[in-house]
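None of the figures in this text is laboratory data; all of them are computed from the coordinates on show. This is a predicted model, so every value here is computed, not measured. Neighbour counts are summed over all protein chains in view; Cβ atoms, including those assigned to glycine, are modelled from backbone coordinates with ideal geometry.
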Amino acid sequence: MASVEIIGPAPSTYTRVARMVCEEKAIPYALKQSPPHSPDVSAIHPFGKVPVMRHGDFELCESKAIATYLDLSFPGPKLIPTDPRHAALTEQWVSLVNTKIDGTLVRTYLLNYIFPKTSDGSPDRKVIDAVVPAVRQEIELLDRAVAKGGFLAGDSFTFADINVMPILAYLKNFPESGSAIAAAKSLSAYFDRLAARPSFQKTAPPPRPQAKAS
Ligand SMILES: N[C@@H](CCC(=O)N[C@@H](CS)C(=O)NCC(=O)O)C(=O)O
């Protein structure tokens with residue numbers, strides 16, 4: 001069988017998600033670190049987003065679609081459950097994270113620290129201060145969700161957990177989100193437990209710039 005190629009930069013949360021799926025299922029894969037909107041990526045994703053995947057002559061974009069394909073095509077632990085309710089809860093949490101929580105926590109909050117658009121390159125305090133209440137609310141929502149069964153969907157590890165872990169890893173390193181996670185006891189314990197998984201350890205991105213004082 002042809003080998004799997006995951007295309008996208010290692011710091012990207014969604015690229016890490018696709019890589020974690022490969023690691024969890026022991027799928028041999030190569031990582032090609034092409035940035036968003038590069039020719040490699042735009043040839044596969046209509047909006048130039050990462051990750052994209054190639055497997056022989058099959059090309060695919062969108063992290064959840066890539067995860068579904070890999071989960072169905074390769075042996076190893078099922079990351080998307082087959083039980084209807086467990087599968088639906090997994091899908092629900094992937095959807096909540098990808099359609100809402102990622103927008104608040106990553107695109108608005110984190111990216112304002114990591115890639116500030118201000119003229120002096122400092123974080124945009126107005127944008128950050130405005131989003132912090134929603135950051136806290138969404139971290140509390142995740143805390144309540146994992147308090148029930150120790151995982152996002154039901155009481156076992158699924159793709160929903162893979163999908164959120166790279167986001168939490170960044171959030172722990174920034175001031176407001178870091179203190180909100182520290183106060184969220186169930187979420188902190190969940191993060192520490194899942195961060196010990198080899199799939200998480202092996203896909204750690206290179207160190208990122210820390211928050212600058214504004
Ligand atoms: N819905 C996409 C989202 C992927 C996404 O937003 N990736 C980010 C990097 S983590 C990206 O490509 N950003 C560049 C852009 O949106 O132009 C997926 O699940 O794969």
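Using the rule -39500 (n - 2.57) for each DSSP H run of four or more residues, divided by the residues of the chain, the 222 nm mean residue ellipticity is -15000 deg cm²/dmol. Listed by chain and number, the lysines whose alpha-carbon sits under 17 Å from that of Lys25, ignoring those within fewer than 8 places in the same chain, are Lys64, Lys78, Lys202.
Using the scaling law 2.2 N^0.38 Å as the reference, what is the normalised Cα Rg of the chain?
Rounded to two decimals, the normalised Rg is 1.01.
Taking a straight line from the alpha carbon of Lys126, these lysines sit under 18 Å away, with near neighbours fewer than eight places off in the same chain left out: Lys117, Lys212. For segment 163-171, the Karplus equation 6.51 cos²θ - 1.76 cosθ + 1.60, evaluated at θ = phi - 60°, returns couplings of 5, 9, 4, x, 5, 4, 4, 6, 4 Hz by residue, with Gly and Pro reported as x.
Each other residue within a Cβ distance under 10 Å of Arg197 adds +1 if Lys or Arg and -1 if Asp or Glu, for a net charge of -1.
In terms of other Cβ atoms within 10 Å, Glu62, Glu138 run from fewest to most in the order Glu62, Glu138. For segment 82-163, trypsin sites (Lys or Arg not before Pro) are listed when DSSP marks them as loop and at most 11 other Cβ atoms sit within 10 Å of their Cβ; the list is Lys117. Mean silhouette area of segment 4-73, derived from the convex hull of its C-alpha atoms and averaged over all directions, reads 4.0 nm². Cβ crowding within 10 Å, taken as a proxy for footprinting-reagent exposure, orders Ser63, Ser73 from fewest neighbours to most as Ser73, Ser63.
The value obtained for segment 84-201, namely the Cα convex hull volume divided by the number of residues, is 93 Å³ per residue. Excluding same-chain neighbours fewer than eight residues apart, the aspartates and glutamates reachable from Lys172 by a Cα-Cα span under 13 Å are Asp192. For segment 60-150, the percent of C-alpha pairs falling in each 10 Å distance bin, counted from 0 to the bin holding the largest distance, reads 14, 34, 29, 18, 6, 0. Residue separation of Asp57 and Lys100 scaled by 0.36 nm, minus their Cα-Cα distance, works out to 12.2 nm of gained length. For the chain, modelled as a GNM whose springs connect Cα atoms under 10 angstrom apart, the maximal fluctuation among Thr158, Thr118, Thr15 occurs at Thr118.
Here the chain is assigned +1 on the Cβ of each Lys and Arg and -1 on the Cβ of each Asp and Glu. Its dipole about the Cα centre then comes out at about 380 debye.
Would you please classify the overall shape of segment 1-127 from the alpha carbon gyration tensor, given that a ≥ b ≥ c denote the square roots of the eigenvalues, rounded means a/c under 1.5, and beyond that prolate means a/b larger than b/c while oblate covers the rest? Oblate.
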